Amino acid sequence: MEVKIVLGYTFGDEGKGVTVQWLCKKAIEEGKRPIVVRFSGGPQAAHTINHNGLEHICSSFGSGVLLGVPTMLYDNTYIDPISLVKEYDSLVSKGIEPKIMMSAFNRIITPHDILAGGENTKVLTDGTCGKGLYPTFKRYQSRSRVQHTSMFLGYENGPETILDEALEFHKPEASYYEGNFLEACDRLKSIIKVKDSRWTKDYDVLIFEGSQGLLLDMDCGFYPNVTPSRVGLNGIESQFLKNAEVYLVTRTYTTRHGNGYKPKYRLNIDLSGKHETNVNNEYQGEFKVGALETILMNRATERHRIDNYVSQFDCRLNLVVTHMDVVVNGGIFEYEHKFGENVIIGAIKPQKVLEAITSHLDISFDNVYYNDSIESNIKQML
């Protein structure tokens, strides 16, 4: 069984979705049976994919969904029944029959968790997408009575129990979304299946799709502006790491959406036509764009000890650089390679950009790839 792992290099928004879809395409072309495994985060994901004229923003579903590849929501992922059912209906309306399953231990987001997040000063200060992940995380830390997913879906009053528990824990005002939540939970029973530990036997390729980026990890990120998930290799069980192919994904420039770190060298890049899902909003504020910071990328791999994982588990490490067309068409590539020192080069060819990036990274890669369109047309560096 092959294992592919796709991770965001820094703060998310790198192009993990197109990378996952590309890996799914390759597996299908080789006659293999792939499945996309979501192992961190939840419905705050916004991975945009395009296929045969269809576009979809993946939140709860994996980025192979337009190709008919099933999704596994693995342990500790966050599930918002209302959001998941809404996305399911959106896919069906596009002619897609999505297949999705979940493992035994997931975290269920209720309307009370979302409401509590909007009222919590710490959550608003540290940064939030407004999806209720941190309040849900805190509730499950307090030993939720509904720890097992089968209890939530299998018991007659499972959804009501978890709703009452969330209300008791957060003590917000009762939300009018309660009815929507119960209705969504009822529909969820026919949409999603709970799988036991033998679920891997039906697939040849497991493609782990990360959420956010390494510097937002709850253990290794830039605290306190982190997410309540382990989003790196630290979030994947060791049984899946042996001989895994790891793909670190970055854009050709630095982005940050949310509180905390701000790119040092701000750029005014025209992203029109790029189907950008990151827009200014009340929770994350401005979508900030700056020159690519290879120093930042090195801090991410150092904090996560990526080289140790590669050595211990014999992983192969790959780099994927997306949005190559932005700098090639613009004719300029700007990056920082020393503290306080940025370099501007004429970005005429992708090869020149890739060589500039890899020459300033502290780790080496087995393969380097790039993407220059909204489609998953990823190419290998010569």
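I want to verify a result. In a Gaussian network model of the chain, Cα cutoff 10 Å, which of these has the top mean-square fluctuation: ILE114, ILE363, ILE207?
Result: ILE363 has the largest fluctuation of those listed.
Extent of the chain along each principal axis, from alpha carbon coordinates, in Å, largest to smallest?
Rounded to whole Å, the extents work out to 62, 49, 42 Å.
Multiply the residue separation of ASN308 and MET1 by 0.36 nm, subtract the distance between their alpha-carbon atoms, and state the gained length in nm to one decimal.
108.2 nm
P(r) for the range 310-382, please, calculated from all Cα pair distances in 5 Å bins and given in %.
Spelled out per bin, shortest first, that is 3, 14, 24, 22, 19, 10, 5, 2, 0.
Run the numbers for LYS349 and LYS193: contour at 0.36 nm per residue of separation, minus the present Cα-Cα distance, in nm.
Working: separation 156, 0.36 × 156 = 56.16 nm, distance 4.69 nm.
Net length gain for the segment: 51.5 nm.
What percentage of all Cα-Cα pairs in the range 13-128 are separated by more than 16 Å? All intermediate terms of the calculation are to be shown ahead of the outcome.
Values: 4134 of 6670 pairs.
Tail of P(r) above 16 Å: 62 percent of Cα pairs.
Give the order of ARG187, ARG198, ARG251, ARG256 when sorted by the count of other beta carbons within 10 angstrom, beginning with the fewest. All intermediate terms of the calculation are to be shown ahead of the outcome.
Values: ARG187 15, ARG198 7, ARG251 22, ARG256 27.
The fewest-first ordering by Cβ neighbours comes to ARG198, ARG187, ARG251, ARG256.
Pick from LEU133, LEU66, LEU214 the residue whose mean-square fluctuation is largest in a GNM of the chain, springs joining Cα atoms under 10 Å.
Highest fluctuation among the options: LEU66.
Go ahead and run the numbers for FRET between ASP219 and LYS242, Cβ-Cβ distance against an R0 of 22 Å, rounding to 0.05.
Working from the Cβ atoms, E equals 0.50.
When a/c is below 1.5 the answer is rounded, else prolate if a/b is larger than b/c, else oblate, so apply that to the range 205-259 with a ≥ b ≥ c taken from the square roots of the Cα gyration tensor eigenvalues. Don't skip to the end; give the middle numbers.
Numbers: a/c = 2.79, a/b = 1.49, b/c = 1.87.
Since a/c reaches 1.5 but b/c is at least a/b, the shape of the range 205-259 is classed as oblate.
Treat the range 20-78 as a sphere of radius equal to its Kirkwood radius over Cα pairs and apply Stokes-Einstein at 10 °C in a medium of 1.306 mPa s; give the translational diffusion coefficient in µm²/s, rounded to a whole number. Could you put the intermediate results ahead of the total?
Working: Rh = 11.7 Å.
The diffusion coefficient I find is 135 µm²/s.
What base-10 log of the normalised intensity I(q)/I(0) is obtained for the range 73-117 from the Debye formula, alpha carbons as equal point scatterers, at q = 0.16, 0.21 Å⁻¹?
With one equal scatterer per Cα and no solvent, log10 I(q)/I(0) is -0.52, -0.79.
Using amide H atoms built 1.01 Å from N in the peptide plane, name the residues 5+ places from PHE208, or on other chains, whose amide H lies under 5 Å from its own.
Placed amide hydrogens put LYS4, ILE5, VAL6, VAL37 under 5 Å from PHE208.
Tell me, THR136, THR77 in order of fewest to most beta-carbon neighbours within 10 Å? All intermediate terms of the calculation are to be shown ahead of the outcome.
Working: THR136 28, THR77 24.
The most exposed by this proxy come first: THR77, THR136.
Can you show me the helix-derived [θ] at 222 nm for the chain, built from DSSP H runs with n ≥ 4 at -39,500 (n - 2.57) apiece and divided by the number of residues, rounded to the nearest 500.
Working: 12 runs with 118 residues, N = 382.
That calculation yields -9000 deg cm²/dmol at 222 nm.
Using a Gaussian network model of the chain whose springs link C-alpha atoms within less than 10 Å, name the residue from GLN212, GLN21, GLN141 with the highest mean-square fluctuation.
GLN141
At ARG316 and ASP202, where each label point lies 7 Å from the Cα along Cα→Cβ, what is the point-to-point distance in nanometres?
Spacing of the two 7 Å Cα→Cβ label points: 2.8 nm.
By count of other Cβ within 10 Å, fewest leading, how are HIS56, HIS323, HIS51 ordered?
Values: HIS56 21, HIS323 24, HIS51 17.
Lowest to highest Cβ neighbour count: HIS51, HIS56, HIS323.
Every number here is computed from the coordinates shown, using simple stated rules; none is lab data. This is a predicted model, so every value here is computed, not measured. Don't worry about glycine lacking a Cβ; one is built from the backbone with ideal geometry, like all the others, and counts go over all protein chains shown.
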